Amino acid sequence: MKIQLALDRLTISEAIRLTRLVESDIDWIEVGTSLIKEFGMESVREMKKAFPHKTILADTKTMDNAKYEAEISFTAGADIITVMGNAPKVTIETCIEMARTYQKRVMIDLLNTSSEQLKSLLTIEDAIFCLHISKDEQELSGKNEWKNSEIPAAYPTPSHTIAAAGGITIDSLSQLLAGGIDIAIIGSAITKAANPSEAARQFNQLAKGGVFINE
Ligand SMILES: O=C(CO)[C@H](O)[C@H](O)COP(=O)(O)O
């Protein structure tokens, strides 16, 4: 399982400093939607410049204007962009076409995506599908558990790459690992930890098949 570090509600320099602390224990770096909204594509450019060998995901959460958003993200250095699963089909297809042109990838965020919409997206074999418990659901609606029953139910097919995001902890990571999730997107549990390097080490150890023992 890969670990994607989600960087949100930070300045660009804080994001770079934090990532340096955990770099060896994470696989992909997510430039969070909040960084993109606050600092624009400069945040993507700066992260790619600081970590040229890492995969950079720009969490654009594209809903419209796909060609424009994909183009500015890929030229800024993003290796992956995100599009919402409940966006118009033409928007999702345009993101996929742009990614193929730039030889990059697309993650489809399944937040609020109906099973019918999901079904219609299953033909896109090269996309990454992301199960998502949103920040507002976590903080305002008290939904912060990854229920076993929801994981397989939302699965496209075993051939698709599946990510999960939203309030992931060491406990839920074991559950997601057992559920066959390929990419765990972890934000606060690392970025807000008292010791981010230690937190990232524990997540990575578990994700790579080791057993985490809380000593
Ligand atoms: O997409 C996001 C917010 O919309 C974040 O990437 C996701 O929620 C992960 O962060 P956290 O672990 O803090 O929930």
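The values are calculated or read from the model by the stated rules, or taken from the named source; none is laboratory data. From a predicted model like this one, the values you see are computed outputs, not experimental measurements. Ligands, DNA and RNA are stripped out before the accessible areas are found, and what is left, the full protein with its side chains, is counted by its heavy atoms. Shrake-Rupley method; radii C 1.70, N 1.55, O 1.52, S 1.80 Å.
Key figures for this structure:
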item	result
List His160, His132, ordered by accessible area with a 1.4 Å probe, largest first	His132, His160
For Arg45, solvent-accessible area (1.4 Å; no DNA, RNA or ligand), Å²	110 Å²
Cross-link reach list, aspartates and glutamates versus Lys2, counting only Cα pairs under 15 Å and skipping chain neighbours closer than eight places	Glu23, Asp25, Asp27, Glu30, Asp182
Separation of alpha-carbon centers, the range 112-136 and the range 10-42, rounded to whole Å	24 Å
Listed residues Ile185, Ile162, Ile124, most fluctuating in the chain (Gaussian network, C-alpha, under 10 Å)	Ile124
Fluctuation leader among Asp25, Asp136, Asp182 - the chain, Gaussian network, Cα springs under 10 angstrom	Asp136
Reach of Lys49 by Cα under 21 Å, taken over lysines that are not fewer than 8 positions away in the same chain	Lys37, Lys104
Solvent accessible area, Å² - Glu23, 1.4 Å probe, full protein context	70 Å²
Per residue Cα convex hull volume in Å³ - calculated over the chain	120 Å³
Sequence-separation-based contact order of the chain, relative, with Cα cut under 8 Å and 6+ spacing, percent	20 percent
P(r) weight above 16 Å for the range 37-76, C-alpha pairs, percent	31 percent
